[in-house]
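Structure record follows, encoded as structure tokens.
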Amino acid sequence: MLFRVRDAAFCLVAALSMMRDSEIHEIRRGAVVQHYNAPAIKSTLDKGRAGRPGKHWWITEPVAEAITLAEIVSVHEDRVFSPLKRPESTEAVHGDQMIDAFITEANSSRSWTGLDEIPDGRVRPHMFRRTMAMLTDQFPGSEIALGIQLKHVAARALANRTTLSYAAGDAQWAELLETALEATRFRRFKDLYGQHKAGTSIGYGPGADRVKEVFDEIISSARANGGDSRVEDDLLRKARITIRFGMLNNCLFDEANPKGAVCLENAVIPQGHTGPLEGRCRPDRCRNSVIGIEHVPLYDSHRRTQLKLLQTRRLPAARKAIIRREVERVDAVLAQVNEENT
Ligand code: SF4
């Protein structure tokens, strides 16, 4: 019975937390904590990091309950999901075996649980991560959340190739993730269209002007055709605008026509790389840049910080020059905002 409870708890944690098999095995007693006022599991990041740093994974109430139960049945003095020995075997039990045992148990108990049969097929912990990635992606802003939860460094929303390439080893999943990201992008693009149609500003800069022109054309075409929102959706999908939503700006980089992308000017482009080089982004100069309403406070705050830094006594001249250049860039971005608001 203890094994069954532990197996079920393991499946629930693997399914809902996006943790790796190895990270679940690292969970210690008392690992459920509050992290930024939300329940979280504290464990050790096991992959790709030296020193196995401690990390937090946000969880929901059922996951917290599952860990509490697993903690109660665990015979290990410290670990919650330590491989227990089954009575009939001297082999240690791992994630794969716990999932297989759970499926066998769930299917053989259907007469009293009334649950649907879990179909034949191989189920492994990493598949839960991917499934959750797919499901989570159905919500706005999700790539940032996915990046945080999957422990990929999300440098830029909806443009982070690490999170996106999470399923790269599995072409089918990579395709599904790409599709989901496209769906998220389209949703946000449609929101912008709604704002523009309602007369609200959607942003600033040369990129924003291009987007507004396209939106105006769509509004006119839809009106001319007596179109409803479905016609508008169709026109939006056909609009030749590719947009990446970012932390510091949105980018209209078009792979079919990369001309004008400032980030690619004089750049050494890594072999096989397609798309913009976000680390070299120049929102102050690039015709693809859209400064969204949400970005303006960031630039305001950045400018104030830089000006304050300039007041520092005995700042080396070279450092001062770098700060001044940064202020000039921020001023150029904010000038795009002021231009439209005056
Ligand atoms: S400079 Fe920035 S806005 Fe322009 S293409 Fe590159 S990433 Fe996009």
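The values are calculated or read from the model by the stated rules, or taken from the named source; none is laboratory data. Computed from a prediction, not measured in an experiment: that's the story for all the values here. Ideal geometry is used to build each Cβ from the backbone, glycine not excepted, and the neighbour counts take in all protein chains shown. Only protein heavy atoms, including side chains, enter the accessible area calculation; ligands, DNA and RNA are left aside. Shrake-Rupley method; radii C 1.70, N 1.55, O 1.52, S 1.80 Å.
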Query - Cα→Cβ-extended label distance, 7 Å offset, between Lys197 and Ser220, nm - result: 1.8 nm
Query - Heavy atoms of Cys251: accessible area, 1.4 Å probe, square angstrom to 10 - result: 10 Å²
Query raised in the report: What is the distance in Å between the Cα centres of the range 219-235 and the range 299-342?
Result: 43 Å
Query - Residues Arg187 and Arg110, FRET efficiency given R0 of 45 Å [Cβ-Cβ distance, rounded to 0.05] - result: 0.75
Report task. With a point put 7 Å past each Cα toward its Cβ, work out how far Gln311 is from Met127 in nm, to one decimal. Result -> 6.0 nm
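Anything over 23 Å Cα to Cα? Flag those among Lys197/Lys259; Lys197/Lys238; Lys238/Lys259; Lys190/Lys212, in the order listed.
Lys197/Lys259
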Query raised in the report: What accessible area, in Å² to the nearest ten, does a 1.4 Å probe give for Glu232?
Result: 20 Å²
Query raised in the report: Highest mean first, what order results for 259-268, 310-319, 189-198 on Cβ atoms within 10 Å?
Result: 189-198, 259-268, 310-319
**Report entry** Spin-label model distance (nm) - Val75 vs Glu294, 7 Å beyond Cα toward Cβ
**Finding:** 5.1 nm
**Report entry** Accessible area in the full protein assembly, largest first, 1.4 Å probe, for His295, His94, His76
**Finding:** His94, His76, His295
